[in-house]
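One structure is given here, and the rest of the page talks about it.
No lab work stands behind these numbers, since they all come straight from the coordinates. Values in this document were obtained by computation on a predicted structure and should not be read as measured data. Using ideal geometry, Cβ is built from the backbone for each residue, glycine included, and neighbour counts are taken over all protein chains shown.
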Ligand code: HEM
C-alpha cells in the first residue's frame with residue numbers, strides 16, 4: 001500500500017502540477033475561468049484518468065493507513081485530485097470518480113472529518129520535499145497565496161496558545177502580562193502577513209487560476225463546501241477567549257458547528273473547548289468591580305485592550321483588503337453564468353460577504369443596527385481601569 005500511495009504522491013507533485021498549470025495558462029491567456037477545446041480537453045482527461053488510475057490502485061489494496069496522520073494526508077491527496085476534476089469540470093457519475101469518492105468517504109469517516117481536502121491539507125499537513133510543498137499549479141501566485149494564508153494561520157495559533165493559558169492563572173497574574181504581550185505580537189504578525197499577501201498577490205491570477213480549486217465538490221451524493229484559510233480552531237478560540245463573540249449567540253454557534261468537520265482532527269477538541277472558558281473580558285470586569293484596580297490589573301487590562309485592537313485590525317484588513325479586492329470586486333466582472341459557485345462555502349457571494357461583515361464587526365466590537373457587540377463592555381473596562389489609576 002505504501003508504494004502505491006507514494007506513486008500517487010509523486011504524480012501529484014509532478015505531472016498533476018504540469019497539467020493544471022498548462023490549463024491555467026490557457027485560461028488566463030483568454031482571461032476566462034475555464035475554456036474548452038480539443039487540446040485542452042485532452043489535458044483535462046489526462047488529469048481525470050491518470051489520477052483515477054493511481055487512486056484505484058490505492059483503493060484496490062483494500063487497506064488504508066493505520067496511522068491517523070498518514071490517513072489524513074491521503075485524504076488530502078484524493079481531495080486534490082477531486083478538486084482539480086471539479087475545477088476543470090471533468091468527470092461525472094461513475095468511474096473513476098466513484099472509486100475516489102469511496103476512498104475519501106472511508107478516510108473521512110475513520111477520522112471524523114469531512115471527506116474532502118481542506119486548507120490544513122495545503123498548509124500544515126503538507127510535507128515539503130526539497131523546499132516545495134504540494135500545490136495544484138506551479139504558478140507563483142498559488143505559492144504566495146498558500147504561504148501567506150498559512151503564516152497567518154500559524155500566527156493566529158500562536159495568539160490562541162498564549163490566551164488559552166491565561167484563565168487558569170487569572171487576568172491579574174504577573175505571568176499573564178507576558179502572555180498578553182505574546183498574543184498581541186502574534187496578532188500584529190497576522191496583520192503583517194495579511195498585508196504582505198495583499199501586496200504580493202495578483203488579483204486576476206487569484207480570481208481566475210487559484211480560487212477555482214477552492215470550490216465545493218461532490219463526494220458521492222453529498223456536495224461538500226469549499227476550503228478556506230479560516231478552517232482552524234484558533235481564530236474562534238481567540239474570539240471567545242477575548243469575549244468578542246458569545247458562545248450563546250445563535251449566529252456564532254452556527255459558525256462553530258458548521259466549521260467543525262472542516263478543521264484538522266487535532267483542532268476539533270480545542271474548537272469544542274473554546275466555548276467553555278470564562279471570557280477574559282468578563283474576568284477583567286469581575287476583578288475590576290471588586291475595588292480599585294491595582295497596578296498589575298491596569299497593566300494587563302491595557303494589554304488586553306491592545307490585543308482586542310490587534311485582532312480587530314487584522315480581521316478588518318481581511319474583510320476590506322482581501323475579501324473585497326480579491327473576490328467581491330472581480331466577481332462583479334464575471335459572466336452571469338459563472339457567478340454561482342463563486343464562494344468556497346456555496347451560498348451566493350452577497351450572503352457570504354454579509355456573514356463575514358458580521359464577524360468583522362463582532363471582532364472589531366463595532367455596534368451597528370441589529371448587532372450588539374462587546375463595545376459597551378470594553379468601554380466599561382477602559383473606564384474602570386482609568387478610574388483605578
Ligand atoms: C486573498 C486572500 C483571501 C481571500 C480572498 C479570502 C476570502 C475569504 C472568504 C470569501 C471567506 C468565506 C468563505 C466562504 O464561506 O465561502 C473567508 C473565510 C475566512 N478567511 Fe479568508 N480570505 C483570504 C485570506 C485569508 C487569510 C490570510 C486568513 C488568515 C488566516 C483568512 C482567514 C479567514 C477566516 C478565519 C475565515 C472564516 C470566517 C471567519 O471566521 O472569519 N483568510 N475568506
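Show me 168-174, 60-66 ranked by packing, highest mean number of other Cβ atoms within 10 Å first.
168-174, 60-66
Once you put a point 7 Å from the Cα of residue 332 and another 7 Å from the Cα of residue 161, both along the Cβ direction, what distance in nm separates them?
4.2
First measure r as the distance between the Cβ atoms of residue 196 and residue 273, then evaluate 1/(1 + (r/R0)^6) with R0 = 30 Å and state the FRET efficiency to the nearest 0.05.
Computed FRET efficiency for residue 196 and residue 273 comes out at 0.40.
Nearest 500 deg cm²/dmol is fine: what mean residue ellipticity at 222 nm does the chain get from its DSSP H runs of n ≥ 4 alone, each adding -39,500 (n - 2.57), divided by its residue count?
Roughly -19500 deg cm²/dmol at 222 nm, from the helical runs in the chain.
Need the full-extension length gain, residue 222 to residue 35, defined as separation in residues times 0.36 nm minus the C-alpha distance. One decimal, nm.
Using 0.36 nm per residue and subtracting the Cα-Cα distance, I get 64.7 nm.
Measure nothing but the geometry: give the 0 to 90° angle between the long axis through the Cα atoms of 38-60 and the longest principal axis through the Cα atoms of the chain, rounded to 10°.
80
What spacing in nm lies between the two simple spin-label points modelled at residue 260 and residue 93, each 7 Å away from Cα in the Cβ direction?
Using points 7 Å along Cα→Cβ, the separation is 3.1 nm.
Which of 67, 361, 350 ends up with the largest GNM mean-square fluctuation for the chain, with Cα atoms connected below 10 Å?
67
Mind checking the angle between helix 2-13 and the chain's longest principal axis? C-alpha axes, 0 to 90 degrees, to the nearest 10.
It is inclined by approximately 80 degrees.
Calculate the spin-label point distance for residue 247 paired with residue 1, positioning each point 7 Å from the Cα along the beta-carbon direction, and give it in nanometres.
Each label point is offset 7 Å from its Cα along the Cβ direction, giving 3.7 nm.
So, by mean Cβ neighbours within 10 angstrom, what's the order for 29-42, 300-313 with the highest one leading?
Descending mean neighbour count gives 300-313, 29-42.
Note the angle between two axes, namely the Cα long axis of helix 295-317 and the longest principal axis of the Cα atoms of the chain, as a number of degrees from 0 to 90, rounded to the nearest 10.
It is inclined by approximately 30 degrees.
Sort 53-59, 87-93 by packing, meaning the average of other beta carbons within 10 Å per residue, with the highest value first.
Result, highest mean Cβ count within 10 Å first: 53-59, 87-93.
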